[in-house]
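The values are calculated or read from the model by the stated rules, or taken from the named source; none is laboratory data. Just so it is clear, the structure is predicted and the values come from calculations on it, not from any experiment. Here the Cβ is made from the backbone with ideal geometry for all residues, glycine too, and neighbour counts use every protein chain on show. Accessible surface is based on the protein model in full, side chains and every heavy atom, while ligands, DNA and RNA are left aside. Shrake-Rupley method; radii C 1.70, N 1.55, O 1.52, S 1.80 Å.
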Amino acid sequence: MNIVVLVSGNGSNLQALIDAEKAGRYRGRVAAVVSDRAGVFALERAKNAGIPAFTEEPDKSLSKEARRLELSDRILRIAEARDAGLIVLAGFLSILRGNIINRYSGRIINLHPALLPKYGGEGMYGEKVHRAVLAAGESESGCTVHFVDEGTDTGPILIRRTVPVLDGDTAESLAERIHREEHAAIVDAVVTLTEKSRKS
Ligand code: GAR
């Protein structure tokens, strides 16, 4: 199965997928990586692994919703051109809209650095999530892999992994603990979905 991975930054979760693929953990291959930001390290990781990498930045001349739709359609075209059976948002910070959601229903997943449905939604990404968790005095946090639907961080949950919030945690220390779980969760999700498609 061809997999398209969407990224915006460091790409450590992309790296986890690349490493798992090399180790034969799932029957599929990352066929393309798309970043909505130029020059990010995730693109470097793709290049080092010999994976075609595309930079598709949002068109700032458009209004917010038009911008989301237009970028989503560009990504859909890339996914269809690669005959992708699965799209993985691995640290992707743009919000997808329009045809891609229906066309890839049940075959498009997002990784979120908290235990959804808590601490999700627009504006809740990266470090902001960890700061909110700490400010609320939560005793645990974690990560969630869920299917993408029309909402933001609202689709059906596939996997959640929990970590404790420790005394003296900072957003950075909590993020680091969660990152380790994310790498396992995103690989498990891809193993599950590539396996499922072989059976159906
Ligand atoms: C991850 O923690 C991921 O959960 C988060 O961005 C980070 C990317 O790390 N995604 C979101 O916040 C999406 N709402 P990475 O670039 O090292 O994979």
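List the relative contact order of region 92-157 as a percent without decimals, with contacts defined as Cα pairs under 8 Å and 6+ residues apart.
41 percent
Roll a 1.4 angstrom probe over the protein heavy atoms and tell me the percent of accessible area of region 1-47 that is carbon or sulfur.
Accessible surface attributable to carbon and sulfur in region 1-47 totals 45 percent.
Give me the percent of accessible area attributable to carbon and sulfur for region 110-200, probe 1.4 angstrom.
51 percent
Taking θ = phi - 60°, what integer Hz values does the Karplus form 6.51 cos²θ - 1.76 cosθ + 1.60 yield along region 174-184, in sequence order, with x for Gly and Pro?
Going residue by residue, I get 5, 4, 5, 4, 6, 3, 4, 6, 4, 4, 5 Hz, with x marking Gly and Pro.
Heavy atoms only, 1.4 Å probe, whole protein assembly: order 147, 92, 54 by accessible area, highest first.
I get 54, 147, 92, largest accessible area first.
Residue 118: accessible area at probe 1.4 Å, nearest 10 Å²?
110 Å²
If I take every Cα pair under 8 Å that is 6 or more residues apart in the chain, average their sequence separation and divide by the length, what percent do I get for the relative contact order?
Relative contact order here is 21 percent.
Determine ³J(HN,Hα), in whole Hz, for all residues of region 93-104 in sequence, where each value follows from phi through the Karplus function 6.51 cos²θ - 1.76 cosθ + 1.60 and θ = phi - 60°; x replaces Gly and Pro.
Each residue of region 93-104 in turn: 9, 7, 9, 8, 9, x, 4, 4, 5, 6, 4, 10 Hz.
Taking the solvent-accessible surface of protein heavy atoms with a 1.4 Å probe, what is the per residue accessible area of the chain in Å²?
Heavy-atom accessible area per residue stands at 48 Å².
Please state the equivalent ellipsoid semi-axes for region 50-167: what are the square roots of 5 times the Cα gyration tensor eigenvalues, largest first, in whole Å?
Details: eigenvalues 156, 52, 33 Å².
Semi-axes from the Cα gyration tensor: 28, 16, 13 Å.
Where the Cα atoms of region 22-94 are projected onto their three principal axes, how long is each span, largest first, in whole Å?
43, 25, 18
If you find the alpha carbon centre of region 144-200 and of region 18-89, how far apart are they in angstrom?
19 Å
Protein chains only, probe 1.4 Å: how do 172, 80 rank by accessible area, largest first?
Details: 172 110, 80 85 Å².
The ordering from most to least exposed comes out as 172, 80.
What 222 nm value per residue comes from the helices of the chain, counting each DSSP H run with n ≥ 4 as -39,500 (n - 2.57) and dividing by all residues, nearest 500 deg cm²/dmol?
Numbers: 6 runs with 81 residues, N = 200.
Rounded to the nearest 500, it is -13000 deg cm²/dmol.
What's the whole-number percent of alpha carbon pairs in the chain lying beyond 32 angstrom?
Of all Cα-Cα distances in the chain, 12 percent exceed 32 Å.
For region 120-200, what does the relative contact order come out to in percent, with C-alpha contacts under 8 Å and a separation of six or more? Walk me through the numbers on the way to the answer.
Values: 89 pairs, mean separation 24.2, N = 81.
30 percent.
Can you pull the accessible area of residue 55 for me, 1.4 Å probe, Å² to the nearest 10?
Probe radius 1.4 Å; accessible area of residue 55 about 60 Å².
With +1 on the Cβ of every Lys and Arg and -1 on the Cβ of every Asp and Glu, and nothing else charged, how large is the dipole of the chain about its Cα centre, in debye rounded to the nearest 20?
So the dipole magnitude of the chain works out to roughly 680 debye.
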